[in-house]
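Single-structure report; data block below.
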Amino acid sequence: MTYLLEGKLLEACSCGGPCPCWVGDDPDGGSCDSMLAYHYDRGRINGIDVSDLTLAFVVHIPGNVLAGNWKVAAYVDSKATQEQKQAILAAHTGQLGGPLADLAQLVGEVVGVYDTPIQFNLAEGKGTIRIGEVAYAEMQPYTDSQGRPTKLVDTVFSTIPGSPAYVGKASTLKADLPQHGMSWEFSGRNAILGEFRLEG
């Protein structure tokens, strides 16, 4: 085993909710603009402790999510040491195998890797993520009549393989990366919240 990561995911995108990408359909409007962040409550990669760090992405998906060719800007928590940063990137770029390698195969272009302060908050079912000065999202899950979060399981695509996801809505999603042609602002669109355990 080269990594074991446990933590929380926040994801928001331009699709209406629930997101069609998770069931293999084309994104609303034909393409998808999104951001997602993995916060490690506990984690080790090749023996390196990465607990309490966050990795975030701003992503443009030009068509069906499973067709790949994603354009990605990656943001590593500025609290990470160089050793931690290298370990996190090795895992998420697929070099260490496992479920993260399956996701990495969908990326066609990484336009930049940045060290950035990341604020990740998930409390009482609601989440906010701020990636430095470039992106922000605020979201909450859908619930049933008893207030329990609505779960999405056994889907053809997942950013947290093997874990249930809580589908929701983002009241705000903003990104401002004009240098990479990735600037947008949406309200009332898809959001995903979840807890993960990734092992590879």
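The values are calculated or read from the model by the stated rules, or taken from the named source; none is laboratory data. Note that the coordinates shown come from a computational prediction; the quantities given were computed from them, not determined experimentally. Cβ sites come from the backbone with ideal geometry, for glycine too, and all protein chains shown count toward neighbours.
Residues are listed down the side, and each one gets a yes or a no for (1) crowded, with 18+ Cβ neighbours inside 10 Å; (2) without any contact (Cβ under 8 Å) to a residue 24 or more places away in the chain:
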{"residue": "PRO62", "(1), (2)": "no, no"}
{"residue": "VAL65", "(1), (2)": "yes, no"}
{"residue": "ASN69", "(1), (2)": "no, no"}
{"residue": "LYS85", "(1), (2)": "yes, no"}
{"residue": "THR93", "(1), (2)": "no, yes"}
{"residue": "GLY97", "(1), (2)": "no, no"}
{"residue": "GLN105", "(1), (2)": "no, no"}
Could you please tell me which pairs satisfy a Cβ distance under 7 Å, a separation of 6+ or placement on different chains, a first residue in segment 184-199 that is within 19 Å of PRO161 (Cβ to Cβ) and surrounded by fewer than 22 Cβ atoms within 10 Å (Cβ to Cβ), and a second residue that is modelled with pLDDT of 95 or more and basic (Lys, Arg)?
GLU195/LYS8
Please specify each residue of segment 103-138 satisfying the condition of being out of contact with any Pro (no Cβ under 6 Å at 6 or more places or on another chain), not in a strand (DSSP E or B) and not hydrophobic (A, V, I, L, M, F, W, C).
GLN105, PRO117, GLU124, GLU133
When every residue in segment 1-37 that is of a type in the set (Ser, Thr, Tyr) and either closer than 24 Å to ILE88 by Cβ or crowded, with 23+ Cβ neighbours inside 10 Å (or both) is compared, the one modelled with the lowest pLDDT is THR2
Taking ALA12 and the conditions (1) out of contact with any Phe, Trp or Tyr (no Cβ under 6 Å at 6 or more places or on another chain); (2) in a strand (DSSP E or B); (3) within 20 Å of ASP115 (Cα to Cα), which numbered condition does it fall short on, given that it satisfies the others?
(3)
Segment 19-50, residues that are in a helix (DSSP H, G or I) and charged (D, E, K, R):
ASP28
Among the strands (runs of 3 or more DSSP E) contained in segment 139-200, which hold 3 or more residues that are within 18 Å of LEU122 (Cα to Cα)?
165-177, 189-199
Between a residue in segment 127-148 that is more than 17 Å from ALA191 (Cβ to Cβ) and any residue that is assigned to a strand (DSSP E or B) and among the acidic types (Asp, Glu), which pairs come within a Cβ distance under 9 Å, given they are 6 or more apart or on different chains?
GLU133/ASP176; VAL134/ASP176
Any residue in segment 114-133 that is hydrophobic (A, V, I, L, M, F, W, C), more than 14 Å from the chain's Cα centre (by Cα) and surrounded by 15 or more Cβ atoms within 10 Å (Cβ to Cβ)?
no
